[in-house]
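Presented below is the structure to which this report refers.
Here, each number is a calculation from the coordinates, and none is a lab measurement. These figures come from a predicted structure and were not determined experimentally. When we count neighbours, we look across all protein chains shown, and the Cβ atoms used for this are built from the backbone with ideal geometry, even at glycine.
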Amino acid sequence: MRPTASVASPILSVSNLEVVYDDVIQVLKGVSLAVPEGKIVALLGANGAGKTTLLRAITGLLDVHEGEITKGSVTFAGRPIHHLPPTRIAALGIKQVLEGRRIFAELTVEENLRVGGHVAAKQLRTNLERVFGLFPVLAQRRKRTAGYLSGGEQQMLAMGRALMSEPRCLLLDEPSLGLAPLIVQQIRDLIVEINAGGTTVLLVEQNATMALSIAEHGYVMENGKIVMDKPAKELLEDSDVREFYLGLGAEGAAKSFRDVKHYKRRKRWLS
């Protein structure tokens, strides 16, 4: 499947990508997608679909997990990056917020942010104030040990740390995972604000409602393949997506978990 996002020359493009772990386990099977500059693109999929592997392939982190790209390419701002080391990819302006936050728990909030800003040392103070402006709760807790923050505050810190290096493209891996609905709404609004400031966002989420409500375009991944690719509004209205990812039937009624599991076995896009 070729990427069909709305801009012909995206800032980030993945083409026919295949990834293998331990030389035997194929996880990505010809994945293609496009992320237009200045937009939010959502990537949906259940656990094990291959979403995190795709992000690792983009940021050069496959080696850490005994994975390698065996076919295809990743292009950023017009240049191939799939053979570059992670430090070079990060220097080009791609930053990833890993699933599970991965903050430095024993450092303070401000120390975490300063670590994230080391590659843009001349703008450290300016970027620090920008992050504190985006995340006022972090400003209030700047001297607090990060490990004592709530889950939502830790997620904000992880996002803020990534922003300290002034990324052109931000990759967010399940930013709403494990958070209360009110905090998920706050994270959603912050992603919109970050994007409005000029940062392109690839948002990997299981929370389809949240992701598609702010994205311009969306992709659905299953078993290492992109199985659906539409404007976000159309995905929200698609009966398959509504039933499987939103738990809603054709009339908007909630489905039982048993019904959704049954639907997983009969999805039309895999037939």
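For the residues GLU205, GLU193, what sequence is obtained by ranking on other C-beta atoms within 10 Å, fewest first?
By the 10 Å Cβ count, ascending, the order reads GLU193, GLU205.
Can you put THR126, THR87 in order, fewest other beta carbons within 10 Å first?
With the fewest neighbours first, THR126, THR87 line up as THR87, THR126.
For the range 65-172, what does the equivalent ellipsoid look like in terms of its semi-axes, each the square root of 5 times an eigenvalue of the Cα gyration tensor, given largest first in whole Å?
Square roots of five times the eigenvalues give 28, 16, 11 Å.
Which GluC sites (Glu not before Pro) does the range 35-108 hold that lie in a coil by DSSP with at most 15 other beta carbons within 10 Å?
Loop-located and lightly packed - GLU37, GLU66, GLU106.
Determine the percent antiparallel among the DSSP beta bridges restricted to the chain, to the nearest 5.
60 percent
Convex hull volume of the Cα atoms in the range 48-126, per residue, in Å³?
Enclosed volume per residue, from the Cα hull, is 126 Å³.
With Rg and the Kirkwood Rh both taken from Cα atoms, where does Rg over Rh land for the chain?
Using Cα coordinates only, the ratio equals 0.97.
Using the structure shown, list the pairs from LYS95/LYS143; LYS51/LYS122; LYS39/LYS225; LYS51/LYS143 with a Cα-Cα distance above 28 Å, or answer none.
Those over the limit are LYS51/LYS122; LYS51/LYS143.
Using 5 Å bins from zero, what percent of all Cα-Cα pairs in the range 1-108 falls into each bin?
2, 11, 21, 24, 21, 12, 5, 2, 1, 0
Given the rule -39500 (n - 2.57) for each run of at least 4 DSSP H residues, summed and divided by the residues of the chain, what is its mean residue ellipticity at 222 nm, to the nearest 500 deg cm²/dmol?
-10000 deg cm²/dmol
For a Förster distance of 25 Å, can you work out the FRET efficiency between the beta-carbons of ARG144 and ARG102, rounded to the nearest 0.05?
0.90
Taking the number of other C-beta atoms within 10 Å as the exposure measure, put MET210, MET156 in order starting with the fewest.
Least to most surrounded, the residues fall as MET210, MET156.
Express the relative contact order of the chain as a whole percentage, based on alpha carbon pairs under 8 Å and six or more residues apart in sequence.
So the answer I get is 23 percent.
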